[in-house]
Amino acid sequence: MNSLSRRHLLKSASAGMAAGALLPLPGAIAQQQDDAAQAAPAKLKLAVIGVSNRGAANLDGVAGQDIVALCDVDQGYLQSTAQRFPNAKLYQDYRVLFEEIKDLDGVVISTPDHHHAPAAMLAIKRGLHVYCEKPLAHTVAEVRALTNAARKANVATQMGTQIHAEPNYRRVVELVHADVIGPIRKIHVWVGKGWGATEMPAAAGEAPASLDWNVWLGPAEDRPYTPKLHPAEWRRYRDFGTGTLGDMGCHFMDLPFWALGLSSPTTVRAEGPTSDAECCPLGLTVTYQFAATDRHPELELVWYDGDQSPQELEGMPVPGSGVLFVGQNGMMFADYGSYRLFPQEQFKDFQPPQPTIPNSIGHYEEWFAACRGGAPSLCNFGYSGPLTESVLLGTVAHQVGRSLTWNAKDLICEGDEEATALIRKNYRDGWSV
């Protein structure tokens, strides 16, 4: 029985004696103790891979569980974090962690993008539950492999799209389902930030003794130590990240995917600067076409980021980031925390329907419950996999500079061998998925 339950029991007993009440019999006390133990589920035994920056936020989200192991290529981050979890074993290479620690329930992965799939697949193959940051993987083929493997292994999964658990997205989805703006044929999604570059940073000497540079590179091609890549600038470069689209697409495109039940696009076209073999673009516009279903007519989703992010859409000014649903009877703007209907005069007396989507118990708590045998978390790989595949297809379309006809079943771009080759990638020995 935990200390909180024990204090509560003693306080109750003291209050009873003060009122002249009879103390419970020993058997009743034992039953109370059993009930208290059953009410508080056992803590999950978790390993956390990547403990700083985004990893620190995820570690805070799961800190109430039993943190068995911490892993980070940077000893500076690792040692400072270990002070909070003195009983956790420390590792710089998650492959060693998985070999040495057998008593685990799950793993939290907050590495650069190129490590997501290798780490997650090792966990899934060991029957471990997986929480993985967005984008789910570095390539479309990796996403599909993780989705299939997680389903086959029947493990609980969650991708780090934390906003999915917030109330506003639920209210927007309800309005779409209620057909408030009529059938939706176009969606604009944009983010003003830009994770791009025009050249690789220069290599510079030896890596600090605290950093395992070889493990940081992991599945990527070997290269000399390049200080500007670690800890955050890696997002700008194709060997390690997926640019702004990969960073933010899973957050903002999540809303239309949820609201309209989107899955795989039929065609994808990207516009931006001439593709660079090493650098992600400073700005990008990607147009996705989706075939009609019983949830929506044929529709177009257009993504904009970086220096191609719009200041005006559909004849009205727009803020720095958001989603604009264009329906037959009106429009709806949404961001993380709010929504607005247009034209404003048309909707001035609008009263939203009663909520029908229950509030989330919490983004991390959804995953905990699924790990314990409850319902799947809402951003499980079965949902977040197709979302991430669509996001990453935009980066492929930009690299080849032409429209892609996507065959989701066979994982190929029809009639385009060059584009299909970019659905996959090569790995250094010891890091394949």
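The values are calculated or read from the model by the stated rules, or taken from the named source; none is laboratory data. Owing to the predicted nature of the structure, the values given are computational and were not obtained by experimental measurement. Quick reminder, even Gly has a Cβ in these numbers, built from the backbone with ideal geometry, and neighbours come from all protein chains shown. Note: accessible area is taken over every heavy atom of the protein model, side chains too, but ligands, DNA and RNA are not part of it. Shrake-Rupley method; radii C 1.70, N 1.55, O 1.52, S 1.80 Å.
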Quiz prompt | Count of residues meeting criterion [open to solvent by 60 Å² or more (accessible area, probe 1.4 Å) and not hydrophobic (A, V, I, L, M, F, W, C)] in the range 407-429 | solution = 10
Practice problem: With the condition kept exactly as written, say whether any residue in the range 297-309 is over 29 Å from LYS193 (Cβ atoms), among the acidic types (Asp, Glu) and modelled with pLDDT of 95 or more. | Solution: yes
Exercise. Could you run through the range 73-121 and say how many residues are modelled with pLDDT of 95 or more, more than 19 Å from GLY61 (Cβ to Cβ) and among the basic types (Lys, Arg)?
Key: 2
Self-check item: Subset of the range 378-406 (residues that are outside any helix (DSSP H, G or I) and surrounded by fewer than 18 Cβ atoms within 10 Å (Cβ to Cβ))
Solution: GLY401, ARG402, SER403, THR405
Quiz item: Quick one: ASN58 ticks every box in (1) within 23 Å of GLU233 (Cβ to Cβ); (2) part of a loop (DSSP other than H, G, I, E, B) bar one, so which box is it?
Solution: (2)
Quiz item: Out of the range 188-237, which residues are assigned to a helix (DSSP H, G or I) and either more than 22 Å from VAL96 (Cα to Cα) or not hydrophobic (A, V, I, L, M, F, W, C) (or both)?
Solution: ASN214, GLU233, TRP234, ARG235, ARG236
Quiz item: So which residues in the range 204-237 are surrounded by 13 or more Cβ atoms within 10 Å (Cβ to Cβ), of a type in the set (A, V, I, L, M) and farther than 18 Å from PRO281 by Cα, if there are any at all?
Solution: ALA207, LEU211, VAL215, LEU217, ALA220
Exercise. Residue by residue through the range 367-401, note down the ones that are at positive phi and in contact with a strand residue (DSSP E or B) (Cβ under 9 Å, 6 or more places away or on another chain).
Key: GLY401
Quiz item: Taking interchain pairs and intrachain pairs at least six residues apart, which have beta carbon atoms under 7 angstrom, with the first residue in the range 406-431 and farther than 28 Å from LEU217 by Cα and in contact (Cβ under 8 Å) with a residue 60 or more places away in the chain and the second in a loop (DSSP other than H, G, I, E, B) and open to solvent by 50 Å² or more (accessible area, probe 1.4 Å)?
Solution: TRP406/THR266
Quiz prompt | Output for the range 91-121, where each listed residue is in contact with a helix residue (DSSP H, G or I) (Cβ under 7 Å, 6 or more places away or on another chain), hydrophobic (A, V, I, L, M, F, W, C) and surrounded by fewer than 20 Cβ atoms within 10 Å (Cβ to Cβ) | solution = MET121
Quiz item: So which of PRO310, PRO319, PRO281, PRO273 ends up being open to solvent by less than 50 Å² (accessible area, probe 1.4 Å), more than 22 Å from THR388 (Cα to Cα) and in a loop (DSSP other than H, G, I, E, B)?
Solution: PRO310
Exercise. Would you mind finding the one in PHE240, PHE257, PHE290 that is touching a strand residue (DSSP E or B) at 6+ places or on another chain (Cβ under 6 Å), surrounded by 14 or more Cβ atoms within 10 Å (Cβ to Cβ) and not charged (D, E, K, R)?
Key: PHE290
Quiz item: Taking the range 113-172, which residues are assigned to a loop (DSSP other than H, G, I, E, B), touching a Gly at 6+ places or on another chain (Cβ under 7 Å) and within 24 Å of CYS413 (Cβ to Cβ)?
Solution: LYS134, PRO135, LEU136
Quiz item: Can you name the number of the only condition in (1) modelled with pLDDT of 95 or more; (2) over 15 Å from THR161 (Cβ atoms) that VAL391 fails?
Solution: (2)
Quiz item: Which members of the range 298-307 meet the condition of being in contact with a Lys or Arg (Cβ under 8 Å, 6 or more places away or on another chain) and open to solvent by less than 70 Å² (accessible area, probe 1.4 Å)?
Solution: LEU299, GLU300, LEU301, VAL302, ASP305, GLY306
Quiz prompt | Cross-chain or 6+ apart pairs with Cβ under 8 Å, the range 288-317 first and of a type in the set (Asp, Glu), then part of a loop (DSSP other than H, G, I, E, B) and open to solvent by 20 Å² or more (accessible area, probe 1.4 Å) | solution = GLU298/ALA291; GLU298/ALA292; ASP305/GLY192; ASP305/LYS193; ASP305/GLY194; ASP307/GLY194; ASP307/LEU282; GLU312/VAL318
Quiz item: Take the residues of the range 180-203 that are open to solvent by 50 Å² or more (accessible area, probe 1.4 Å) and aliphatic (A, V, I, L, M): which is farthest from ARG340 (Cα to Cα)?
Solution: ALA203
